[in-house]
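Computed from the coordinates by the stated procedures, all read-outs in this text should not be read as laboratory data. Owing to the predicted nature of the structure, the values given are computational and were not obtained by experimental measurement. Quick reminder, even Gly has a Cβ in these numbers, built from the backbone with ideal geometry, and neighbours come from all protein chains shown.
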Amino acid sequence: MPASRARRTRRALPLALGGLLLSLLLSSCSLVEDLTGSDDEAQPTATATSAATGEFYDSQFTRDGTFQSHITVGDNLDFVYTLYPTKSTPRTNEWYPRGSKFFSFTFQAYDLARDLRDPYETKRKVWLGRMQVTSTTKRSDGGAAETPYTLDAQAQTVTLDPEPVTYGDYGMLVTSPKGAFELRNQEIVATDLATIGVELTFSATVNIETSAGSNRYVQETITQVVPIAIFASDEETQAQEIPVNAN
């Protein structure tokens, strides 16, 4: 092959490859537009539904699947409320107005003025007398609120432990690690279809020892509000049967 022709062939080859690549690029862009609908017309964007996000009623309990609060009283005395859905209705994003929803909760005191593993007799004793829980619903239509759950009882008569440590009229021992109040499978009953949330208010009447071993007490009320989201649906919340000793 003459040298001049060889040079022309070498020059033509990059030009041909460039044309081929440009053609493939344009075809790819066209294919992407066909698949994604990209054109001059604005496309609607997907938005999460309230049933997936609980955007209408903010709730740590619903979002995290549990709720825990730490309330400090006096000199490093920590009161802890813990709530969680039971295995009967475990999916909090499927808690609808219709049907019953079930939760469990505990209440305990920690004397953080002492190390957790210090001898128990060095910790201040806390006795729980009365546990009260009220509720109110939040509605999307501004209608009248309902009361789907209530509790008003002497703690030692309803707690899971059939033989709690008690002290006269002061109530049952809730100082960790030897004392704790626990209730399981508490029922939130069905409410109006416009319900978007339930607000539970817990009030524990406690007697707190002023210093370890002093046998002198002061009374306090430990209050906690817990919001729970309820999602719009005509369906009923599906409750599963669980063993009597399940939580």
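Spin-label point model (7 Å from Cα, Cβ direction): what's the Lys87 to Thr66 distance in nm?
The two pseudo-label positions are separated by 1.6 nm.
Using 1/(1 + (r/R0)^6) with R0 = 45 angstrom and r between the beta carbons of Asp118 and Asp152, what's the FRET efficiency to the nearest 0.05?
0.80
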